[in-house]
Amino acid sequence: MTQRGWDDEDEDCPEWVDRIKNNVAGEVRRRRKEMGWSAQRLAERCEELGHPIPRNVIANLESGRRASLPLVDVMILAAALYTAPICLIFPIGYVEETQELPFRDPISTWDAMRMFTGEEPGHDSDAGLIPDFNRHASLVRTIEAALREAERAGFAAETTANPAQREEAERKRDNYTAQVKEATWQLQMVRGQIRDEAATPPELPPALADIDPPDTDEEDGI
């Protein structure tokens with residue numbers, strides 16, 4: 001991506017900091033109005049959540065008069081508006097383009113959001129353990145779904161009186177059981193890779209608690 005200074009831009013093009021603040025301000029205003037709330041009601045909700053943001057501060061943010069925008073304010077505003085902080089910073093569907101960093105060409109808000117979350121490789125950036133944790137979550141969902149289907153198929157095989165239906169149910173049960181076995185092996189590998197990075201894997205659901213070898217509890221500091 002070509003870098004360029006703001007001297008090459010139109011004079012009315014806001015700098016990166018202002019662009020990000022404008023994203024947040026516009027989305028706060030849009031969501032507040034969508035909910036039928038006044039700025040005062042939003043301020044009251046922020047106070048209820050434990051981090052007061054006065055009405056005049058919210059009004060200044062929405063009008064572009066506020067000079068700074070602390071991260072904690074973005075977090076509490078998002079909670080007050082029943083959304084995620086990243087949806088305020090990168091309003092997908094409402095802001096077509098934004099900048100991921102200063103002095104860079106605008107890119108789609110979707111791409112900028114994915115770079116922010118580590119889902120899309122950025123400029124010499126390391127996504128850390130985000131891909132591993134995403135893979136972990138996907139495998140857990142796969143195992144849980146396959147276990148449910150295997151149980152359902154097993155019940156059908158035991159209760160049907162039709163030989164053909166029993167055979168089909170047993171085939172499905174065996175297929176889902178094989179999926180559980182394969183996904184479990186992959187999940188163990190992912191958890192091992194996370195530990196190799198001196199990190200702690202996500203907590204497993206109770207039904208999958210026996211996936212880890214017994215000696216890993218001490219490694220995870222449990």
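The values are calculated or read from the model by the stated rules, or taken from the named source; none is laboratory data. Given the structure is predicted, the values throughout are model-derived calculations rather than measurements. Note: ideal-geometry Cβ built from the backbone for every residue, glycine included; neighbour counts use all protein chains shown. Areas reflect the complete protein model, heavy atoms only, side chains present, ligands, DNA and RNA absent. Shrake-Rupley method; radii C 1.70, N 1.55, O 1.52, S 1.80 Å.
Structural remarks
- Residue within segment 30-45 that is outside any helix (DSSP H, G or I), among the hydroxyl-bearing types (Ser, Thr, Tyr) and open to solvent by less than 50 Å² (accessible area, probe 1.4 Å) present: no
- Pick from segment 178-194, criterion touching a residue at least 24 places away in the same chain (Cβ under 8 Å) and open to solvent by 40 Å² or more (accessible area, probe 1.4 Å), ranking: nearest to Thr142 (Cα to Cα): Gln179
- Selected residue [farther than 30 Å from Val72 by Cβ, in contact (Cβ under 8 Å) with a residue 12 or more places away in the chain and among the hydroxyl-bearing types (Ser, Thr, Tyr)] from Thr159, Thr142, Thr83, Thr109: Thr142
- Condition check for Thr117: touching a Lys or Arg at 6+ places or on another chain (Cβ under 7 Å) and surrounded by fewer than 16 Cβ atoms within 10 Å (Cβ to Cβ): no
- Test: Thr109 is modelled with pLDDT of 90 or more and in contact with a strand residue (DSSP E or B) (Cβ under 6 Å, 6 or more places away or on another chain): yes
- Some residue of segment 85-100 being outside any loop (DSSP other than H, G, I, E, B) and aromatic (Phe, Trp, Tyr): no
- Residue, farthest from Asp126 (Cα to Cα), within segment 176-206, restricted to residues that are part of a helix (DSSP H, G or I) and among the polar types (S, T, N, Q): Thr177
- Checking Glu170 against (1) farther than 30 Å from Glu203 by Cα; (2) open to solvent by 70 Å² or more (accessible area, probe 1.4 Å); (3) not hydrophobic (A, V, I, L, M, F, W, C), the condition it does not meet: (2)
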